[in-house]
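Participant: I am attaching a structure below and will ask some questions about it afterwards.
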Number of protein chains: 2
Amino acid sequence: MALIVQKYGGTSVGTIERIQAVAGKIKTKAERGDQIVVVVSAMSGETNRLIGLADEIEEAPSPREMDVLVSTGEQVTIALLCMALHKVGCQARSYTGGQVQILTDKAHSKARIKDINGARVKADLDSGHVVVIAGFQGVDDHGNITTLGRGGSDTTAVAMAAALKADECQIYTDVDGVYTTDPRIEPKARRLDRITFEEMLEMASLGSKVLQIRAVEFAGKYNVPLRVLSSFEEGEGTLITFEEDNVEAAKISGIAFNRDEAKLTVLGVPDQPGVAHKILGPISDANIEVDMIVQNIAADEATTDFTFTVHQNDFTQAKEILQGVAESLKAQDVLNDDSVVKISLVGVGMRSHAGIASEMFEALAKEGINIRMISTSEIKISVVIDEKYLELGVRTLHEAFGLESEGVA
Amino acid sequence: MALIVQKYGGTSVGTIERIQAVAGKIKTKAERGDQIVVVVSAMSGETNRLIGLADEIEEAPSPREMDVLVSTGEQVTIALLCMALHKVGCQARSYTGGQVQILTDKAHSKARIKDINGARVKADLDSGHVVVIAGFQGVDDHGNITTLGRGGSDTTAVAMAAALKADECQIYTDVDGVYTTDPRIEPKARRLDRITFEEMLEMASLGSKVLQIRAVEFAGKYNVPLRVLSSFEEGEGTLITFEEDNVEAAKISGIAFNRDEAKLTVLGVPDQPGVAHKILGPISDANIEVDMIVQNIAADEATTDFTFTVHQNDFTQAKEILQGVAESLKAQDVLNDDSVVKISLVGVGMRSHAGIASEMFEALAKEGINIRMISTSEIKISVVIDEKYLELGVRTLHEAFGLESEGVA
């Protein structure tokens, strides 16, 4: 008998029929003797409907009242799912975040879970109930309703799994697992049976938005085995594990990419201590997040070239700030380019395999793809290239590192 | 500085515009220096929408889960009303029933309030906040969400007023007060400035459904001055009071009526001890509620005629039960009539005025209205008459007892 926490997102419970389908799925598992905790999101569209009501009143509504408002979305789902479970003969009981209790800090709309009291849930499980919990919400020390921010239901599920020492946390979504890359770009992309937490973190932050980053971090911290599965199709999905027992098998697990990069370069800055801070300080003061940073000695060796990337939304503002900074630093010039993309190879296997980077650069060069910027970490190599080469670059690397599904290759 | 509890029903907060209008009303009062607690219902239509979702899943959903579901309706309203109050510059804070805490028994969908902890609300009032509370809901000893049944927001408001020792509990609704009778039947009906709790109970139970009976009982028990006012028009409304200082002024406060009566008579039952129980026992066993009961000695003095009224919905079933009973009791005959209505004079003044009954019967006789049944209590005289005379009967009595509005009369 296993203790499983399952999470169903808004699309999976988007209509009464889908809620009934989810109830059927849960019943099958419960009849096998597993103890099941279900975490659900609001029915798709519901959160936006509620936000729409608030928008009619106030552009910037009180975060406290916003949380009171939107947390009703999940509360509706837990009641309806319990009714559907009763209908198919499954004992079930619902809990709001406050009822569990899921204790959070006071940061309305982006609260972090501090503690979970699993006692009532455990007692219900032991008496044969399926327990259905509202995702995305909790209460602070004073009983004020808080929410964890969009996608927070994943975090609720992982946190519940950690608190209950569950055997597995299953995230049901509209994809059937984590792929080697986006199948819309590379049709030969293959579903991964397993991926490590570290790889998943890199994949998630780079745009493979299957899971919320915070949920993955949480799972890693508390050693919760996490599985991504489809709500609509049968299958084993992808297991996200904290073991690295498949290091030998593959050097590279997947290829992530990000279309939203923009590149800025300060050319010929006199090279002196603190120059990086002088350039990035004003950017950071403007709340602009910087992604890749590269600094090189320039040809004359007395100056340096400093390049970094920001989100395209922040490009114009960053450019303006940089003009001022460059003048005060007596830099030669500022270059900028928002027609770039980032492609990253991700894999814990690259730690023990030298030469991945040169293989990558060679494969891209063969196709005439010029590399604008390079950045490496323990399990990731990222390159910035011209936007027009995105699809070609992804497919080239996918083939070069043998990521195709076996049937197709 | 007064402490006022205001309650706004579903129609009063039925749209964003109306919520904004309510916020404006509250602000005016708050600026006068009053401390204000607001109890709100779900936006009109919302509770039915939620029940509709449940209906799609299960005809008889779990009462516990039903309460989890429908209680979201009021939670949405409290958040939106607080946002609207913030928008007009009023400090405001919302509470669900569970957050207050409004403690109830475990009777889901018809729970009764056991206790209210007013400490947090009082602290917020003292710090200058308007406090907005979700009506109709509470929690039991284990934190399970309960609801008080439809119209329960009135009860929440009265209970909050009692707990906070408020100066007045104001029920805002779509009528501007309690009238001497239904203005749709008698256009000269007059709004009452005051009415006693006892009169209000009789008026409410007879179909003048301005307030929930339970709320009125609650107000009487805890001496909470209750006022009914219009959400949409200015005016003083009707004060429901536990004092009888206006006894001298009027003998009769109002005329109530009920169209849903049906009359059943057992003729010529041998008169023996326990006959009433033998007739009504089987009716009561079938969960049929009996309203008026009259028993007379029949002409032969050895038998009795036994008449009672039931709701029209129960008429057919009651008739069938009575046929069997009449046979076993060797009664002469069973008569029945569902084309009857009940009209009642209500007024604490009649206690000190003899002759009200004969005045009433005389007025009806003058118009050729035959009385089928009579029942009296301390502050009420009810007659059953043929349905076709309802409007004429109400108008005749309204005039006979001088209830017209002064301007019109």
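The values are calculated or read from the model by the stated rules, or taken from the named source; none is laboratory data. If you're wondering where the values come from, they're calculated on a predicted model, not measured in any experiment. When we count neighbours, we look across all protein chains shown, and the Cβ atoms used for this are built from the backbone with ideal geometry, even at glycine.
Participant: Taking strands (runs of 3 or more DSSP E) that fall entirely within region A:113-230, which contain at least 2 residues that are out of contact with any Ser or Thr (no Cβ under 7 Å at 6 or more places or on another chain)?
Facilitator: The strands (runs of 3 or more DSSP E) meeting that bar are A:113-116, A:130-134, A:168-173, A:226-230.
Participant: Looking at region A:10-28, which of its residues are part of a loop (DSSP other than H, G, I, E, B) and away from chain B (no Cβ under 12 Å)?
Facilitator: A:G10, A:T11, A:S12, A:G14
Participant: I need the full set of residues from region A:91-112 which are on the phi < 0 side of the Ramachandran plot and in a loop (DSSP other than H, G, I, E, B), in order please.
Facilitator: The answer is A:Q91, A:T96, A:Q101, A:D105, A:K106, A:A107, A:H108, A:K110, A:A111, A:R112.
Participant: Among the numbered conditions (1) in a helix (DSSP H, G or I); (2) of a type outside the set (S, T, Y); (3) facing another protein chain (nearest Cβ under 8 Å), tell me where A:N48 comes up short.
Facilitator: Status for A:N48: all satisfied but (3).
Participant: Please work out which residue is modelled with the lowest pLDDT, limiting yourself to region B:250-270 and to residues that are among the polar types (S, T, N, Q) and out of contact with any helix residue (DSSP H, G or I) (no Cβ under 6 Å at 6 or more places or on another chain).
Facilitator: Among them, the one singled out is B:N258.
Participant: B:T156: over 28 Å from A:T72 (Cα atoms), buried (at least 24 other Cβ atoms within 10 Å of the Cβ) and more than 14 Å from the chain's Cα centre (by Cα), yes or no?
Facilitator: no
Participant: If you don't mind, another one. In region B:10-35, which residue that is within 20 Å of B:F136 (Cα to Cα) and touching a strand residue (DSSP E or B) at 6+ places or on another chain (Cβ under 6 Å) is surrounded by the most Cβ atoms within 10 Å (Cβ to Cβ)?
Facilitator: Among residues in region B:10-35 that are within 20 Å of B:F136 (Cα to Cα) and touching a strand residue (DSSP E or B) at 6+ places or on another chain (Cβ under 6 Å), the one surrounded by the most Cβ atoms within 10 Å (Cβ to Cβ) is B:V13.
Participant: Another one. Could you tell me whether any residue of region B:227-249 is surrounded by 19 or more Cβ atoms within 10 Å (Cβ to Cβ), modelled with pLDDT under 90 and touching a Gly at 6+ places or on another chain (Cβ under 9 Å)?
Facilitator: Yes.
Participant: How do the pairs read when you match residues in region A:367-385 that are in contact (Cβ under 8 Å) with a residue 40 or more places away in the chain with residues anywhere that are in a loop (DSSP other than H, G, I, E, B) and buried (at least 16 other Cβ atoms within 10 Å of the Cβ), using Cβ under 7 Å and keeping only pairs 6 or more apart or on different chains?
Facilitator: Partner pairs satisfying both residue conditions: A:I379/A:G347; A:I385/A:I369.
Participant: For region A:29-45, which residues satisfy the criterion of being assigned to a loop (DSSP other than H, G, I, E, B), among the aliphatic types (A, V, I, L, M) and either touching a Pro at 6+ places or on another chain (Cβ under 9 Å) or more than 10 Å from chain B (Cβ to nearest Cβ) (or both)?
Facilitator: Within region A:29-45, A:A42 is the sole residue that qualifies.
Participant: Please go through region A:149-184 and give me each residue that is hydrophobic (A, V, I, L, M, F, W, C) and modelled with pLDDT of 90 or more, ordered by number.
Facilitator: Once the filter is applied, which keeps residues that are hydrophobic (A, V, I, L, M, F, W, C) and modelled with pLDDT of 90 or more, region A:149-184 yields A:A157, A:V158, A:A159, A:M160, A:A161, A:A162, A:A163, A:L164, A:A166, A:C169, A:I171.
Participant: Are there any pairs with C-beta distances below 8 angstrom linking a residue in region A:62-84 that is crowded, with 24+ Cβ neighbours inside 10 Å to a residue that is aromatic (F, W, Y), with the two at least 6 apart or on different chains, and if so which?
Facilitator: Partner pairs satisfying both residue conditions: A:S71/A:F136; A:E74/A:F136; A:I78/A:Y95.
Participant: Further, regarding this structure: Would you be able to say whether some residue in region A:95-103 is at the interface with chain B (Cβ under 10 Å from one of its Cβ atoms) and hydroxyl-bearing (S, T, Y)?
Facilitator: yes
Participant: Does region B:365-372 contain at least one residue that is over 22 Å from B:L201 (Cα atoms) and basic (K, R)?
Facilitator: Checked region B:365-372: at least one residue is over 22 Å from B:L201 (Cα atoms) and basic (K, R).
Participant: Is region A:330-341 home to any residue that is modelled with pLDDT of 90 or more, outside the structural domain of A:L201 (by TED's automatic domain parsing) and under 30 Å from A:R194 (Cβ atoms)?
Facilitator: So far as region A:330-341 goes, yes, one or more of its residues are modelled with pLDDT of 90 or more, outside the structural domain of A:L201 (by TED's automatic domain parsing) and under 30 Å from A:R194 (Cβ atoms).
Participant: Pick out the one residue from A:E59, A:E74 that is assigned to a loop (DSSP other than H, G, I, E, B) and either more than 28 Å from the chain's Cα centre (by Cα) or assigned by TED's automatic domain parsing to the domain that holds A:R18 (or both).
Facilitator: Sole residue among the options that is assigned to a loop (DSSP other than H, G, I, E, B) and either more than 28 Å from the chain's Cα centre (by Cα) or assigned by TED's automatic domain parsing to the domain that holds A:R18 (or both): A:E59.
Participant: If you don't mind, another one. Can you tell which of B:V100, B:V139 is over 22 Å from the mean Cα position of the chain (by Cα), buried (at least 24 other Cβ atoms within 10 Å of the Cβ) and assigned by TED's automatic domain parsing to the domain that holds B:A215?
Facilitator: B:V100
Participant: Checking the structure you have, find out if any residue of region A:79-88 is outside any helix (DSSP H, G or I) and of a type outside the set (K, R).
Facilitator: yes
Participant: Looking only at region B:215-226, filter to residues that are more than 23 Å from B:T181 (Cβ to Cβ) and surrounded by 20 or more Cβ atoms within 10 Å (Cβ to Cβ); which one of those is farthest from the chain's Cα centre (by Cα)?
Facilitator: Checking each candidate, the answer is B:V224.
Participant: For region B:57-64, does any single residue satisfy the condition of being of a type in the set (A, V, I, L, M, F, W, C) and closer than 18 Å to B:S153 by Cβ?
Facilitator: No, region B:57-64 contains no residue that is of a type in the set (A, V, I, L, M, F, W, C) and closer than 18 Å to B:S153 by Cβ.
Participant: Give the residue that is farthest from A:G274 (Cα to Cα), with candidates limited to residues of region A:327-339 that are surrounded by fewer than 20 Cβ atoms within 10 Å (Cβ to Cβ) and not acidic (D, E).
Facilitator: Only one residue tops the list, namely A:S339.
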